[in-house]
Amino acid sequence: MSTSDQTRPLLDDDGIDRRGFLKCMNWAGTGILWTLAGGLPQGIGLDRALAADATPLPFTFLQISDSHVGFDKPANPNALATLQEAIDRIKALPVKPAFMIHTGDISHLSKASEFDNADKLIGESGMQVFYVPGEHDLLDEQQGKAYLDRYGKGSKGAGWYSFDRDGVHFVGLVNVAGLTAGGLGKLGPEQLAWLKSDLAGLSASTPVVVFAHIPLWSIYPEWGWGTDDGAEALSNLKRFGSVTVLNGHIHQVMQKVEGNVTFHTARSTAFPQPAPGTAPAPGPMKVPAGDLGKYLGVATVDFVRGSQPLAIVDRPLAG
Amino acid sequence: MSGPASQLPGPPGGHSPANRPSPTQHRAHLVAAGLLALSWLAAAPEASAAGPTATVQIENFTFTPAQLSIEAGTTVTWINHDDIPHLVAASDKAFRSPPLDTDESFSFTFSTPGTFDYFCALHPRMTGTIQVTAKAK
Ligand SMILES: [Cu+2]
């Protein structure tokens, strides 16, 4: 992160100023409730959203990520149970979000049984879900066919697509397909060309929400936490007044604002990962027994017309 | 959403399988993998139908050794010790393991001399090289 990055205070559910996000980013999560206010997103943790008064929010959607169904290692022996917790919390929200975005790693090993279990549980929310794949979702022998058969209807290439909802343009990108030696996440020329034409007809005042599994901004390339051609994708978004980029993959909340672009990563519903550089390698991080729920979460986004930023609320499963 | 039915990009253009040895896979649980590796290491090359063997450990998102020199005919086994899966893939697509979960392994016999670069298809910053020299006469 360069020092020129403009960060603005964004209070998470713990009330911590996000300027301090480098200190607090070793979180995983249940989900984020996203509010788009004036085209900028703001996140509210699920706990606070549950506690919040039920003031009608014009337009709210939800982000969950990295459910890794099938994961059973010591960091979380039952990833399905923590996903269940997240879904139960979502079902209890006072205002039902318009839909849900899942930013990938639905499954741990792309097994049919893992996708089945995830679908059954996430289906309990009764919400429409928009998926993009994580690298763990493309591990079938045909390297992604299982994902596309299940989630790829109407998408292009490895599973990218766009849609419009309440005047907001949403773009789901795939940066985990056909990765090459030595590289980071990758969108590839075909997808970049599609993105350019997809955005071409939009007025600059259209709020745009872009979501993909691996962060499109460079968080920590040493651990593969970035996208090689992410900057090229973002160059197409510079002219828009409000851009929100939602990612997963790193299993902790990180946020930054650069010009009109707000970047946000969601917690996992399965297991936390260490903060960048604080361990020999990324990977499942074991936390003290009873503390796991503090590291897992869901995010909600409220989209409120006006001049304020879009509100993102990160909610841990517990704590 | 709208648009044509989704399509996977086709598999990359065919490489000739003519000179390619076929991969053998060993997917075993902790104990089995350990025993297998031990027995391979212990086996005298001339006594083993599979020829000489070598092992690459996968730990902390790193292949060790990252550079390995072997003689043609050697079977290399990769063992994953991390709590997250890895997937060993040759850059030229000569071999590709299934996803290797914790304590699972994958073996491949290198029968032709050359330099074989590989990486983890899940974490492509993980890279390694197998240098295969001609079999000693
Ligand atoms: Cu890997």
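The values are calculated or read from the model by the stated rules, or taken from the named source; none is laboratory data. The structure presented is a predicted model; accordingly, all values stated were derived computationally and were not measured. No Cβ is skipped: glycine too gets one built from the backbone with ideal geometry, and neighbour counts run over all protein chains shown. Just the protein is used for accessible areas: all its heavy atoms, side chains included, with ligands, DNA and RNA removed. Shrake-Rupley method; radii C 1.70, N 1.55, O 1.52, S 1.80 Å.
Can you pull the percent of Cα pairs in the range A:132-287 with separation above 18 Å? Working shown, then result.
Working: 7096 of 12090 pairs.
Within the range A:132-287, distances greater than 18 Å cover 59 percent of Cα pairs.
Search the structure for amide H atoms under 5 Å from the amide H of B:G73, placed 1.01 Å from N in the peptide plane, and list their residues when 5 or more places away or on another chain.
B:F110, B:S111, B:T112
List, largest first, the extents of the alpha carbons of the range A:100-152 along their principal axes, each in whole Å.
31, 18, 17
For A:I101, tell me the accessible area in Å² from a 1.4 Å probe, rounded to the nearest 10.
0
What nm distance separates the two modelled labels at B:H81 and B:T102, each placed 7 Å from Cα along Cα→Cβ?
If labels sit at B:H81 and B:T102, their model points lie 1.5 nm apart.
What does the accessible area of A:W194 come to, in Å² to the nearest 10, when a probe of 1.4 Å is used?
The accessible area comes out at roughly 40 Å².
How would A:R315, A:R165, A:R239 rank on accessible area, largest to smallest, probe 1.4 Å? Display every interim value, and only then the final one.
Values: A:R315 0, A:R165 65, A:R239 115 Å².
Sorted descending by solvent-accessible area, the residues read A:R239, A:R165, A:R315.
Under a 5 Å amide H to amide H cut-off, with H placed in plane at 1.01 Å, what residues pair with B:V56 once short-range neighbours are removed?
Close amide H contacts, sequence-distant or interchain: B:T77, B:W78, B:I79.
In square angstrom, rounded to the nearest 10, how much accessible surface does A:K286 have for a 1.4 Å probe?
140
What's the tally of Lys pairs in the range A:187-319 whose alpha-carbon atoms lie under 26 angstrom apart, where the two lysines are 8 or more places apart or on different chains? Spell out each step's value before the answer.
Working: A:K196/A:K238; A:K196/A:K256; A:K238/A:K256; A:K256/A:K294; A:K286/A:K294.
Lysine pairs satisfying the spacing and distance rule in the range A:187-319 number 5.
How much of the accessible area of the range B:64-133, probe 1.4 Å, is carbon plus sulfur, in whole percent?
Details: 1030 of 2100 Å².
C and S fraction of accessible area: 49 percent.
Compute the distance in nm between two label points, each set 7 Å from the Cα along the Cα-to-Cβ direction, one at A:S203 and one at B:A136.
In this crude spin-label approximation the distance works out to 7.8 nm.
From the backbone phi of the range B:99-110, what are the Karplus-calculated ³J(HN,Hα) couplings (6.51 cos²θ - 1.76 cosθ + 1.60, θ = phi - 60°) in whole Hz, Gly and Pro given as x?
Calculated HN-Hα couplings, in order: x, 9, 6, 3, 6, 8, 9, 9, 10, 8, 9, 8 Hz.
Of B:F61, B:F95, which has the most accessible area with a 1.4 Å probe, and how do the rest follow in descending order? Don't jump to the answer; show the numbers that get you there.
On the way: B:F61 35, B:F95 5 Å².
Sorted by accessible area, descending: B:F61, B:F95.
Show which aspartates and glutamates lie in cross-link reach of B:K135 when reach means a straight Cα distance below 18 angstrom and same-chain residues fewer than eight apart are skipped.
Candidates past the 8-residue exclusion: B:E46, B:E71.
Could you give the length gained by full extension between A:E141 and A:K196, i.e. 0.36 nm per residue of separation minus their alpha carbon distance, to one decimal place?
On the way: separation 55, 0.36 × 55 = 19.80 nm, distance 3.13 nm.
Fully extending the segment from A:E141 to A:K196 adds 16.7 nm.
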